[in-house]
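Since every read-out is calculated from the coordinates, none of them should be taken as a lab result. As the structure is a computational prediction, the values presented were derived from the model and not from experiment. Positions of Cβ are backbone-derived with ideal geometry, glycine not excepted, and every protein chain shown enters the neighbour counts.
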Amino acid sequence: MTNLKAILFDVDGTLSHTEDAHRAAFNDTFQAEGLDWHWDHDLYRRLLSVTGGRERIRFFIDTKHPNLKKNEGEQGLGDFVSRLHRDKTRRYGDTVASGRVRFRSGVARLIGEARSNGLRLAIATTTGRANVEKLLSENTDTRTPFDDQNIFEVIGASESAAKKKPAPDVYLSVLQQLMLPPEACIAIEDSHNGLRAALGAGIPTVITTSPYTEDDDFSGARAVVNRLGESNRPFRILHGDPLNKTCVDLELLRHWHSQNG
Ligand code: XBP
Ligand code: MG
């Protein structure tokens, strides 16, 4: 059996409940463009099956507003989608920079524990690197068990993968940069698409569900919990062996990692 050497974290929905900030940024962008489009919680939950904000806008147009392509042509529509996504990214970045998008319960604790035990840490996400860096800088200070932003040795983001999740590309790129085999790692994800990406790269995976993904299919995950949790804010275990624990700590992660998939 290979020892656990690295934890690979997804970002949106896993490190933080970012999706409402993404959703608000999409809606504010649409409004600023004079579009009467509004993505409510339920519609956004369905749209999240398309990974990547740019791809999500394009999918929405193709399915709900197909005339736009007829009027604008492929090139015009592509430019329009790029402009919308650029504006959305700026708005989302401003929200994150305001410090209102916090790490989920248990994330800082687990990162601190992993670091003090010599585990390596990496990110595997479909969002852009700048979004990740802002989120990290807003969530690392003297109140966390670490105060530098270089917590993650490798950041695999949209720039590092030709194909977004559920394709395994971003995870394969992270493994290559860490120079580790998949069985020496564990991934923490929140969605079906993220799970497929990590499993596709051969990485054992644990799920922390989020409000947008709690009904997803998580077959193949080593364990499913509603949050990493804290001793005063315990997790609810939906699948897997809790080992009498009330939150996900390194011992529990190592236990899940050592089990057969
Ligand atoms: C989830 C996503 C992202 C965000 C939006 O990523 O699909 O596309 O919803 O971000 P993760 P962008 O892999 O971190 O769960 O608009 O920057 O694509
Ligand atoms: Mg996610």
Cut-off under 5 Å, modelled amide H: who pairs with residue 230 long-range: 235
Label-point separation, residue 79 to residue 55 (7 Å along Cα→Cβ), nm: 2.5
Whole-Hz ³J(HN,Hα) from phi, Karplus 6.51 cos²θ - 1.76 cosθ + 1.60, for the range 141-152, glycine and proline x: 7, 5, 7, 8, x, 8, 10, 9, 8, 8, 5, 9
For the range 232-239, Karplus couplings with θ = phi - 60° (6.51, -1.76, 1.60), whole Hz, Gly/Pro x: 8, 9, x, 7, 10, 8, 9, 7
Total charge dipole magnitude, the chain, about the Cα centre, Cβ charges on Lys, Arg, Asp, Glu only, Debye to nearest 20: 100
Full-stretch length increase - residue 179, residue 129 - with 0.36 nm per residue and alpha-carbon distance subtracted: 15.9 nm
Considering only the chain, percent of DSSP beta bridges that pair antiparallel, nearest 5: 20
The chain: relative contact order as a whole-number percent, Cα under 8 Å and 6+ apart: 22
Relative contact order [Cα under 8 Å, 6+ residues apart], the range 98-227, whole percent: 19
Subset of 134/163; 164/245; 69/164; 88/163; 5/163 violating a 29 Å alpha-carbon distance limit: 164/245
Kirkwood-based shape ratio for the range 131-261, expressed as Rg/Rh from alpha carbons: 0.96
Electrostatic dipole magnitude of the range 193-261 [Cβ: Lys, Arg +1; Asp, Glu -1; Cα centre; debye, to 20]: 140
Contour minus Cα-Cα distance for residue 70 and residue 153 (0.36 nm per residue): 25.3 nm
Cβ-placed point charges (K, R +1; D, E -1), dipole of the range 105-162 about Cα centre in debye, nearest 20: 140
Dipole of the range 184-261, positive end: most advanced residue of 239, 257, 197 [Cβ charges, Cα centre]: 257
Residue exposure sequence - 151, 203 - by fewest surrounding Cβ within 10 Å: 151, 203
Mean ellipticity per residue at 222 nm, deg cm²/dmol - from DSSP H runs of n ≥ 4 across the chain, formula -39500 (n - 2.57): -13500 deg cm²/dmol
Karplus-derived 3J(HN,Hα), 6.51/-1.76/1.60, for each residue of the range 211-228, Hz, glycine and proline x: x, 7, 10, 4, 9, 5, 8, 10, 5, x, 6, 5, 7, 10, 10, 7, 6, 5
Prolate/oblate/rounded call for the range 73-216, Cα gyration tensor, a/c under 1.5 rounded: oblate
